[in-house]
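Participant: To start, I am sharing the structure in question, which I have written as structure tokens.
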Amino acid sequence: MADRHVVLKNATKEIAHLQGKAVTFMAPLAVDRGQTISLTGAPGPVWVSGHTEALFRAVRNLVENAIRHTPAGVSIEVEVTEDGVVRVLDDGPGVPEADRESIFRRFYSERPNAEQFGKHSGLGLSICRQIVDAYGGSIAAGN
């Protein structure tokens, strides 16, 4: 199972609402690819600091990454925890340990399955990292 997640600090924006908007925005792509996508997490508001559009873009990019780099039939779950962690989980092939830092570099695209999932610019996760760094957060990938 792959895990892409963001930790954001200091309360000023309600992240669960942004998470819902990002999933709604990306759901047609998931459906077109034969994937399911769901929202889970904290029952109430979760406040984090940051510019609304930048936070939306970070979550959207994580969701898009999961959709684009997992095969058809995969289930994707987008979760926000009470402490402001946004996780995008899927039951796809995962991220090899050796690549877990590299995937956040600009233009990184050395994926063994690139022909299966299509070539992309390699900017999405780099943009995520820049956004969370700007707000004192962190980003990581794991299995």
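Yes or no, residue by residue, for (1) more than 13 Å from the chain's Cα centre (by Cα); (2) modelled with pLDDT of 90 or more; (3) over 22 Å from A134 (Cα atoms):
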{"residue": "A22", "(1), (2), (3)": "no, yes, no"}
{"residue": "G34", "(1), (2), (3)": "yes, yes, yes"}
{"residue": "S49", "(1), (2), (3)": "yes, no, no"}
{"residue": "T70", "(1), (2), (3)": "no, no, yes"}
{"residue": "E77", "(1), (2), (3)": "no, yes, yes"}
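Participant: Please go through the range 34-62 and pick out each residue that is aromatic (F, W, Y) and part of a strand (DSSP E or B). Can you show your working first?
Facilitator: Taking the range 34-62 and keeping what is aromatic (F, W, Y), we get 47, 56.
Once the filter is applied, which keeps residues that are aromatic (F, W, Y) and part of a strand (DSSP E or B), the range 34-62 yields only W47.
Participant: Residues in the range 30-49: is at least one surrounded by 14 or more Cβ atoms within 10 Å (Cβ to Cβ) and touching a residue at least 60 places away in the same chain (Cβ under 8 Å)?
Facilitator: yes
Participant: Go through the range 63-91 and give me each residue that's among the acidic types (D, E) and outside any helix (DSSP H, G or I). Lay out the reasoning, then the answer.
Facilitator: Initially, the range 63-91 is screened for residues among the acidic types (D, E), giving 64, 77, 79, 82-83, 90-91.
Matches in the range 63-91: E77, E79, E82, D83, D90, D91.
The values are calculated or read from the model by the stated rules, or taken from the named source; none is laboratory data. Computed from a predicted model, the values in this text were never measured in an experiment. Note that each Cβ is placed from the backbone with ideal geometry, even for glycine, and that neighbours are counted across all protein chains shown.
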